[in-house]
Amino acid sequence: MGSLRHLGRSAVCILVATISFACAGSSQDPASDERLNALEAKTSSLEESLEALARENAALRDEVAILSEQADSVEGREAAGSAREQEGVAALEEDQEEQPAIHEDGRTDVLERLDDLDARVRDMEDLAATVEWVLRSVEQWAKGQDDPLSLLEGTVLERTVRLAAESGGKVHHIDHPEREDPAVLLVPLAAVDGETPLIVSLHGYGGDSSYQTTYMPLHERVNTDGFALLLPNGIPDSEGNRFWNPTDECCDSAKGGQDDVAYLTELVAGAQQVMDFGPVYFFGYSNGGFMSYHIACKGLPGLRAVASLAGTSYVEDSSCDGASPVSVLHIHGTADDVIRFEGDSEPDPKGDGEPAFYAGAMEMVNRWSRRAGCEWPEQPQPYATLDLDGHVVGAETRAFRLESGCAEGVEIGLWMTVGSSHAPGYGDAFVDALVDWLLSQE
């Protein structure tokens, strides 16, 4: 949460500086003032929400730690008590009565609250994506490129189409009978039937295709790099946050169990009706990264590679049994407080056999290396050090890859971004590097 609080404060600081600059001018009209005030209120609200989540998480972790220490204490006393009974020592009951008791109702309450961690992680993803949008929108406005609230005007489809149209490519709508929103397909002007690659870009929890396009402007490379771009949307949950379901728990929408594998597979097939594309690549951010990995597990015609930013897979991995090897690029910040680089590796505290939540970055590259018939080295050496995250000083990204011994044409890569948060400050250098990597997986 520390990095998210920092990101929220950064948004506030940039906004204040921008407003100060605007006020210094001589011709600020009332409409612009109103929009800037709305943006300031939105950013302040985000900062308050981030602080509240940080306090709640800290309190919960402290409570769990205390309960864990008490449980260890009781187990120790029970073991000692058994030994003392065997030795015929009296006063065991009096000794135990003096020790603090753990109330089962208190333990149950904490464990129930722990079940809410997944939902709050998704809340933090939503906040991270929104704050990143605020930063980029204000930056664009300061450069005279856009009105800072323009991305909020209109429907998701309208906002996404406006952004896609900036590329100069051809914009198509891909409908699906079970989804209200069409997906946006952007095709380069010089597309070649049967050859032009297709990249599918998946937003994070609480985001949408316009947020994703703003944060990761792949559309700007469609004509220059010669690929098509598909921008779909997850369905909203009960609170209106769009998300993907990267599990086999389908298809009860009331439980958030929509079949997104079927949806995305059919969506790609619908895009193929516009023209016959070449290789297919998936890129996803956070929850979209989880979904990209799940698509790789389930297979999709023409899929060559997936790249995931700040998203992994679940520890329980049986849904990926028998998956075909594909090239994988895992991108993860070591300071990510939402989806941690090291993963969520602790067993379920209820002790009922449930696995931990999600795997770490190293586990992901190990898994996909094994599926490709090769072994990720225990102590890999970076082949490059890259400066991609504008929020981190210096060249923060250590790039690793494994090619030898893997299935033909498969590469497993890891970009470990030292000091980067859940929403890195990526710009043109990152987008260029990402596109280059994806299109190199032929």
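The values are calculated or read from the model by the stated rules, or taken from the named source; none is laboratory data. Every value quoted in this text rests on a predicted model; they were computed, and no experiment measured them. In this analysis, Cβ positions are derived from the backbone assuming ideal geometry, glycine residues included, and neighbour counts consider all displayed protein chains. Keep in mind that these areas ignore ligands, DNA and RNA; they rest on the heavy atoms of the full protein, side chains included. Shrake-Rupley method; radii C 1.70, N 1.55, O 1.52, S 1.80 Å.
Annotations for the structure displayed:
- The stretch between GLN272 and ALA407, if pulled fully straight at 0.36 nm per residue, gains 45.9 nm over its current Cα-Cα span.
- Simple spin-label estimate for GLU180 and SER238 in nanometres, 7 Å along Cα-Cβ: 1.8
- Area of TRP415 that stays accessible when all protein chains are in place (1.4 Å probe, Å², to 10): 10
- Charge tally around SER420: other residues with Cβ under 10 Å, Lys/Arg +1 each, Asp/Glu -1 each, net -3.
- Annotation: amide H of TYR426 within the under-5 Å range of GLY390, sequence separation 5 or more or interchain, hydrogens built in the peptide plane.
- Annotation: amide H of LEU202 within the under-5 Å range of PHE283, GLY284, TYR285, sequence separation 5 or more or interchain, hydrogens built in the peptide plane.
- Exposure rank, largest accessible area first [PHE243, PHE357; 1.4 Å]: PHE357, PHE243
- Total charge dipole magnitude, the stretch 260-326, about the Cα centre, Cβ charges on Lys, Arg, Asp, Glu only, Debye to nearest 20: 180
- Farthest toward positive dipole pole in the stretch 296-346 [+1 Lys/Arg, -1 Asp/Glu at C-beta], among ILE339, SER327, ALA310: SER327
- Only protein heavy atoms count here; on that basis, with a 1.4 Å probe, ARG304 has an accessible area of about 100 Å².
- Label-point gap, in nm, between GLU375 and ALA262 - each point 7 angstrom along Cα→Cβ: 4.2
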